[in-house]
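Asker: Sharing a structure here in structure tokens format.
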Amino acid sequence: MIKFLEQVPILRRMLEVAYTIALVILISGIVGLVLALPVKLLWNFIFGSLYKINVLQAWALNVLAGILFGQKTSKE
């Protein structure tokens with residue numbers, strides 16, 4: 001397999017790009033889950049008697065808030 005990749009450099013480059021994309025997606029997911037932890041704790045502190053959420057629900061809440069209240073750019 002290694003010799004084949006040495007013979008086809010474009011395939012090797014595509015494989016390197018795929019590894020890089022996979023790594024970026026993995027790191028983004030981990031960072032997103034770490035940043036969702038304070039949202040989970042705050043939500044459960046405020047609304048814990050009514051409804052508790054888990055980390056994945058807090059992550060989804062972060063994504064939704066980013067979509068709804070994200071930075072709007074306008075060129076004037």
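The values are calculated or read from the model by the stated rules, or taken from the named source; none is laboratory data. As the structure is a computational prediction, the values presented were derived from the model and not from experiment. Cβ coordinates were reconstructed from backbone atoms using ideal geometry, including for glycine residues, and neighbour counts include every protein chain displayed.
Asker: Quickly run through the range 53-76 and pick out the residues that are closer than 14 Å to PRO38 by Cα and not in a helix (DSSP H, G or I).
Answerer: Matches in the range 53-76: ILE53, ASN54.
Residues checked against (1) within 30 Å of PHE4 (Cα to Cα); (2) hydrophobic (A, V, I, L, M, F, W, C):
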site	(1), (2)
ALA18	yes, yes
ILE25	yes, yes
ILE30	no, yes
LYS75	no, no
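Asker: Looking at ILE21, ILE67 in this structure, which one is out of contact with any Leu (no Cβ under 9 Å at 6 or more places or on another chain) and at pLDDT 95 or above?
Answerer: On the way: ILE67 fails: at pLDDT 95 or above.
Only one candidate passes the filter, namely ILE21.
Asker: Restricting to the range 21-52, count the residues that are outside any loop (DSSP other than H, G, I, E, B) and out of contact with any helix residue (DSSP H, G or I) (no Cβ under 7 Å at 6 or more places or on another chain).
Answerer: Going residue by residue through the range 21-52, those that are outside any loop (DSSP other than H, G, I, E, B) are 21-47.
Checking the rest, the ones that are also out of contact with any helix residue (DSSP H, G or I) (no Cβ under 7 Å at 6 or more places or on another chain) come to 21-31, 34, 38, 41-42, 44-47.
The total comes to 19.
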